[in-house]
Amino acid sequence: MTPTLFYGVPQGCSLASIIALEWLGAPYALSRVEMLEHPWPAAFAHINPQNLTPAYVTAEGGTLTESVAILQHLAARNGHQLGYPQGSPEYDRLNQALAYLATDFFAAFAPLWAAYEMATDPPRQDVLRDLGRPQVAKGCAHLDHLLAGREWIDGGSKKTVADAYLVAVARWAEYHGVLQVAAYPHLAAHLAKLRADPAVVFADAIERQQPATSSGGFQGHVALDDVVAKLPV
Ligand SMILES: N[C@@H](CCC(=O)N[C@@H](CS)C(=O)NCC(=O)O)C(=O)O
C-alpha cells in the first residue's frame, strides 16, 4: 500500500512529517484529521489508540506513531537523505536536536495549548499564558543561540528532519501571540529560509486546504476507513 501519513489540523506538529515526505519525494498519501472535532472517528484508534497525530502507516501496513520515530524512519530512507546512519556522530547530533525539540521545546507550549481550549475562562487563560510565555522565550533564546553558529539546527551541513520539526513547532509562538520571533534574529532567519522552501509551502497549503504543488511524491488524500480496511489483521 502507499505509505500514508495522518496529519492533524489546525497547527499540527505533523506538519514536520509532511515536509519530510515532500523532501524525500517518494510516493505517499495523506489523511486529514480535524483535531478540534470531538470525538475523533472511532476507527482512528486502529491507527493510534492515543488519538494523536502524526501517525504513519508504512508500505507494509505497519503503524508508527510519535513524531521522532516517524521522522527518524523517514530520515533513514533514500541513503539517509534527511539524516545519518545510526552509530555515527552525525546521527547522535541529529537525535540530540530532535530530542530537545520534541521534549523541552514542544512542552514549553503546553500551557498555551491548554489556554487555547479555555475560551470561556479568560482569567485561567491569562494564568496559563503567563506560565507558557517565559518557557517559550527560553526555548527560542536557546535555538537562537544555536543557530548563531550553524546553517542547520543539528549543526550539520545539510537540512534534516530536525529542521522540518523546528518549523512545525516554532510557528506556535506567533500563533499563540506570546512573542515575536523577530526578537530572535538567527531563529527568525532560519525559519524564513525554511518557510521559503517548496516543501514547507506545500505542507502549509495542505493544512489550509489551498492549492498545493508537490515535488512529486504526494499521491492524494485517502479516507481513514480505506486505510484501516487495508491494515493487516
Ligand atoms: N508525543 C507525540 C505528541 C503528539 C501530539 O501531541 N499531537 C497533537 C498535535 S501536535 C495532537 O494530535 N493533539 C490532538 C489532541 O490533543 O486532541 C508526538 O511527538 O508525536
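Throughout, read-outs are computed from the coordinates displayed, never taken from laboratory work. Just so it is clear, the model here is predicted, and its values are computed rather than measured. Neighbour counts are summed over all protein chains in view; Cβ atoms, including those assigned to glycine, are modelled from backbone coordinates with ideal geometry.
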In the range 20-57, GluC sites (Glu not before Pro) in a DSSP loop with at most 16 other beta-carbon atoms within 10 Å: Glu37
Along the charge dipole of the range 89-197, which of Gly156, Val178, Asn95 sits closest to the positive end, that is, farthest toward it, with unit charges on the beta carbon of Lys, Arg, Asp and Glu (+1, +1, -1, -1)? Gly156
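Which three numbers, in whole Å and largest first, are the semi-axes of the equivalent ellipsoid of the chain derived from its Cα gyration tensor as √(5λ)?
Semi-axes (√(5λ), whole Å): 27, 24, 15.
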Packing-wise, with mean Cβ within 10 Å as the measure, how do 152-164, 211-223, 188-200 rank, highest first? 152-164, 188-200, 211-223
Stokes-Einstein, Kirkwood over Cα pairs, the range 89-197, 10 °C, 1.306 mPa s; D in µm²/s equals 111 µm²/s
Let me make sure I get this right: for the range 16-126, a, b and c are the square roots of the gyration tensor eigenvalues over alpha carbons, sorted descending. Under 1.5 in a/c it's rounded, otherwise prolate if a/b > b/c, else oblate. Which is it? oblate
Share of Cα-Cα pairs in the range 137-212 beyond 20 Å, whole percent, is 30 percent
Cα-centre dipole for the range 89-197 with unit charges at Cβ (Lys and Arg positive, Asp and Glu negative), debye to 20: 180 debye
